[in-house]
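**Student:** Submitted below is the structure of interest, expressed as structure tokens.
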Amino acid sequence: MAEPYTVRFVAHRGTGETAVDLFTVPAGYVFVLRDILLSRGTAQAQWFEIRVSSPGFPVLVKGTADPTTTLHMELRQTLLAGEIVQVSYGDGGDWSILMTGYQLTAAAA
């Protein structure tokens, strides 16, 4: 059996977008989200949310990103097949996000 290794789930950069679907976990897989790197390029701090599935569903992370800095968040969040990960920002200014973790084959029930 192969050892699990970290893979990049998403690397996205945006300007003017206030909500973006970043990725959907494919059928037959379970993802374990380990690291999130989030950067803001604007001159002011803004709130952000990282959600699982869609607006109205659980918020995974919520906070404020300071201007021109990078936040590093370490997690062990399981994401199931079909779940969508979305990011939202307060003003939609310049931002970038990188997410890494483990991509595992789902066990048969």
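The values are calculated or read from the model by the stated rules, or taken from the named source; none is laboratory data. Since we're looking at a predicted model, the values are computed, not measured. When we count neighbours, we look across all protein chains shown, and the Cβ atoms used for this are built from the backbone with ideal geometry, even at glycine.
**Student:** At least 3 residues that are surrounded by fewer than 16 Cβ atoms within 10 Å (Cβ to Cβ) and either on the phi > 0 side of the Ramachandran plot or touching a strand residue (DSSP E or B) at 6+ places or on another chain (Cβ under 9 Å) (or both) in each: list the strands (runs of 3 or more DSSP E) lying fully within the range 56-107 that qualify.
**Tutor:** In the range 56-107, 59-65, 70-79, 95-105 are the strands (runs of 3 or more DSSP E) which contain 3 or more residues that are surrounded by fewer than 16 Cβ atoms within 10 Å (Cβ to Cβ) and either on the phi > 0 side of the Ramachandran plot or touching a strand residue (DSSP E or B) at 6+ places or on another chain (Cβ under 9 Å) (or both).
**Student:** Another one. With the checklist (1) modelled with pLDDT of 75 or more; (2) under 30 Å from A107 (Cα atoms) in hand, flag the one item E3 doesn't pass.
**Tutor:** Only one criterion is unmet by E3, namely (1).
**Student:** Exactly one condition in (1) of a type outside the set (D, E); (2) over 20 Å from A107 (Cα atoms); (3) surrounded by 15 or more Cβ atoms within 10 Å (Cβ to Cβ); (4) modelled with pLDDT of 80 or more is not met by V30; state its number.
**Tutor:** If we test V30 against (1) of a type outside the set (D, E); (2) over 20 Å from A107 (Cα atoms); (3) surrounded by 15 or more Cβ atoms within 10 Å (Cβ to Cβ); (4) modelled with pLDDT of 80 or more, just (2) comes out false.
**Student:** Hey, another quick one. One residue is enough: does the range 80-91 have a residue meeting the conditions modelled with pLDDT under 80 and not aromatic (F, W, Y)?
**Tutor:** yes
**Student:** Then there's this: Cβ-Cβ under 6 Å, sequence separation 6+ or interchain: first residue in the range 67-92 and touching a residue at least 12 places away in the same chain (Cβ under 8 Å) and over 26 Å from T105 (Cα atoms), partner of a type in the set (A, V, I, L, M) and in a strand (DSSP E or B). Which pairs?
**Tutor:** Going by the 6 Å Cβ cut-off, the qualifying pairs are T70/L37; L71/L38; L71/A65; H72/L37; S88/A19.
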